[in-house]
Amino acid sequence: MSMNPQQPASGPSGNRPGDPQRQFREQATNPSWMGHVQPQNYRPAPGHSGGSVVQVIPASASTVGARASAGVVGLVVGGGILAFVSLFLVVPFLLANTGATGFAIGFVASLIPLGAVLGSVYIIDRWEPEPKRLLLFAFTWGAAVSIAVTLLIQPVFALAAPYSDEAAFRDFMTTVQAPVVEEFAKSLGLLLLLLMARKNFDGPVDGVVFAFTIAGGFAFTENILYFGRAIAESGTPGSDLVQIFFLRGVMSPFAHAIFTGTTGLIMGLAARRWHPGASVAAFVVGLIPAMILHNRWNSMGQDFLAQYVLVQVPIFLLAVACIVVLRVAETRLTRQRLLEYAAAGWFMPAEVEMLATAGGRRQAVRWAGAYNRAPQMKEFVKAATRLAFTRQRILSGRDVQAHQQDEMQQLYELAALRAAVGQ
């Protein structure tokens, strides 16, 4: 694999004339609202003291095998235990309402809308992927634990329902109980992620990714119930299943994701300024729009189609627009932070330009593939992005020393893995 040696600035920056780090300190370092840095929190990137950096054309390679923190391990293990225990409540409940045949058919049919939600999670999360173990926790929380919490709280909440009129009771349970209890149960998982895995939950995109995953799991189990009932309780199960599947699997596969996504977005914004009290406050505040959206969805009645077209479709399009804005902000943030490392001698400017766009990343992987280095290049892209977000956490002013230790580990591995791509 051909390489061109380059001579970027290296070593500690200091305050010499023309010092690029000093320029970064003196100039705006906020490429977008997502990467806002308070001037007092700004710190120069560590200088590269290992001599010149050799540029691997058109990019370079690195990977960071970050060890899971005790909080993450406890979260995953505890979540797994809770999910397993929850199955002893959730599965009998589903079988009692659907029967074995309805359960089996509902399970298979529910995989289709689940695939749509998880596919969107994959697309949103591609820029800075979250650890798979945390995504698994989020899914199992939504599919099992939040369902169990709902089943346990629902009877208590129903005590406040009006029992004098059956229609009023059903309306209360649909438009009040369901939005409040279900959004609370789902978002508890978000709160646990924020409190125990805060290194991986440090922005609004992370909040949306985790919220969508939890909501996707919840909707998956709920769809098994609805689809299975169409089989078990209907005299015309085929036509009823098609009708319910169209309503839930085609017209509204992202309903729960959008509800809970608003909570995740607000909690992600709060995560940028880490504080346990702020996290709990964001959890409470974030529940409000989620419950309102859920209530409005469940309140659609005779004019369902009109409300769907005039209200729900615009809400969905607004959610898509918000996600696009978040992704653009992520790319700008990545570019700015990697440029700061480039000024310290860790990257070549051309490498940063390749790493800061989706097209550039694809081009780098294709180029590396010609030298049988595509896997190494993919790992480098992921690692460089993680490094950029580690720097952002440092500049946020929270847990600075811990994140600086992570930064140095990642930089050392970056140098070693750069050589692996250039072999």
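Would you call Gly235 surrounded by fewer than 24 Cβ atoms within 10 Å (Cβ to Cβ) and in a loop (DSSP other than H, G, I, E, B)? So that I can check it myself, show each step before the final result.
Details: surrounded by fewer than 24 Cβ atoms within 10 Å (Cβ to Cβ): yes; in a loop (DSSP other than H, G, I, E, B): yes.
So Gly235 fits the description; yes.
So that you can scan it fast, the table gives a plain yes or no per residue for (1) at pLDDT below 90; (2) of a type outside the set (A, V, I, L, M); (3) touching a strand residue (DSSP E or B) at 6+ places or on another chain (Cβ under 6 Å); (4) over 30 Å from Ile323 (Cβ atoms):
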residue: Trp127; (1), (2), (3), (4): yes, yes, no, no
residue: Glu130; (1), (2), (3), (4): no, yes, no, no
residue: Phe137; (1), (2), (3), (4): no, yes, no, no
residue: Ser146; (1), (2), (3), (4): no, yes, no, no
residue: Ile153; (1), (2), (3), (4): no, no, no, yes
residue: Phe157; (1), (2), (3), (4): yes, yes, no, yes
residue: Asp165; (1), (2), (3), (4): yes, yes, no, yes
residue: Thr175; (1), (2), (3), (4): no, yes, no, no
Cβ pairs under 6 Å, 6+ apart, first in the range 350-373 and over 21 Å from Leu338 (Cα atoms), second surrounded by fewer than 22 Cβ atoms within 10 Å (Cβ to Cβ) and of a type in the set (A, V, I, L, M): Tyr371/Met1
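Which residues, counting only those in the range 43-81, are modelled with pLDDT of 75 or more and not in a helix (DSSP H, G or I)?
In the first step, residues of the range 43-81 are kept if they are modelled with pLDDT of 75 or more; the result is 43-46, 70-81.
Passing the criteria: Arg43, Pro44, Ala45, Pro46.
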Scope the range 252-284; condition among the aliphatic types (A, V, I, L, M), open to solvent by 30 Å² or more (accessible area, probe 1.4 Å) and touching a helix residue (DSSP H, G or I) at 6+ places or on another chain (Cβ under 8 Å); matching residues: Leu265, Ile266, Leu269, Ala278, Val280, Ala281
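Residues of the range 195-224 being assigned to a helix (DSSP H, G or I), among the charged types (D, E, K, R) and open to solvent by 10 Å² or more (accessible area, probe 1.4 Å), which ones?
Restricting attention to the range 195-224, the residues satisfying the condition of being assigned to a helix (DSSP H, G or I) are 195-196, 198-200, 204-224.
Then keep just the ones that are among the charged types (D, E, K, R); that gives 198-199, 206, 222.
Selection gives Arg198, Lys199, Glu222.
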Answer residue from the range 362-393, given it is touching a Phe, Trp or Tyr at 6+ places or on another chain (Cβ under 9 Å) and closer than 24 Å to Ala45 by Cβ and is most open to solvent (accessible area, probe 1.4 Å) among those: Arg393
Is it true that Thr213 is among the polar types (S, T, N, Q) and in contact with a helix residue (DSSP H, G or I) (Cβ under 6 Å, 6 or more places away or on another chain)? yes
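Filtering the range 394-405 down to residues that are more than 19 Å from Val205 (Cβ to Cβ) and either among the small types (Gly, Ala, Ser) or out of contact with any Phe, Trp or Tyr (no Cβ under 8 Å at 6 or more places or on another chain) (or both), which residue is most open to solvent (accessible area, probe 1.4 Å)?
Filtering the range 394-405 for residues more than 19 Å from Val205 (Cβ to Cβ) gives 397, 399-402, 404-405.
Adding the requirement that they be either among the small types (Gly, Ala, Ser) or out of contact with any Phe, Trp or Tyr (no Cβ under 8 Å at 6 or more places or on another chain) (or both) leaves 397, 400-402, 404-405.
Numbers: Gly397: 38, Val400: 23, Gln401: 148, Ala402: 41, Gln404: 66, Gln405: 132 Å².
Looking at residues that are more than 19 Å from Val205 (Cβ to Cβ) and either among the small types (Gly, Ala, Ser) or out of contact with any Phe, Trp or Tyr (no Cβ under 8 Å at 6 or more places or on another chain) (or both), I get Gln401.
Has the range 142-154 got at least one residue that is touching a helix residue (DSSP H, G or I) at 6+ places or on another chain (Cβ under 7 Å) and over 17 Å from Ala83 (Cβ atoms)? Write out each step before concluding.
The first filter runs over the range 142-154 and keeps only residues touching a helix residue (DSSP H, G or I) at 6+ places or on another chain (Cβ under 7 Å), leaving 142-151, 153-154.
Next cut, over 17 Å from Ala83 (Cβ atoms) only: 153-154.
So far as the range 142-154 goes, yes, one or more of its residues are touching a helix residue (DSSP H, G or I) at 6+ places or on another chain (Cβ under 7 Å) and over 17 Å from Ala83 (Cβ atoms).
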Would you check if there is a residue in the range 82-103 being open to solvent by less than 60 Å² (accessible area, probe 1.4 Å) and either modelled with pLDDT under 65 or not in a helix (DSSP H, G or I) (or both)? no
Tally of residues being of a type in the set (A, V, I, L, M, F, W, C), open to solvent by less than 60 Å² (accessible area, probe 1.4 Å) and under 17 Å from the mean Cα position of the chain (by Cα) across the range 119-155: 10
Can you tell me how many residues within the range 182-202 are under 12 Å from the mean Cα position of the chain (by Cα) and under 15 Å from Pro131 (Cβ atoms)? 5
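Rundown of residues vs (1) touching a residue at least 12 places away in the same chain (Cβ under 8 Å); (2) within 19 Å of Ile124 (Cα to Cα); (3) not charged (D, E, K, R), yes/no style:
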{"site": "Phe245", "(1), (2), (3)": "yes, no, yes"}
{"site": "Gly249", "(1), (2), (3)": "yes, no, yes"}
{"site": "Pro253", "(1), (2), (3)": "yes, yes, yes"}
{"site": "Thr262", "(1), (2), (3)": "yes, yes, yes"}
{"site": "Gly277", "(1), (2), (3)": "no, no, yes"}
{"site": "Ala290", "(1), (2), (3)": "yes, no, yes"}
{"site": "Ser299", "(1), (2), (3)": "yes, no, yes"}
{"site": "Asp303", "(1), (2), (3)": "no, no, no"}
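The values are calculated or read from the model by the stated rules, or taken from the named source; none is laboratory data. None of the values given here were measured: they were computed from a predicted structure. Note that we place each Cβ from the backbone using ideal geometry, even for glycine, and neighbour counts take in every protein chain shown. Areas reflect the complete protein model, heavy atoms only, side chains present, ligands, DNA and RNA absent. Shrake-Rupley method; radii C 1.70, N 1.55, O 1.52, S 1.80 Å.
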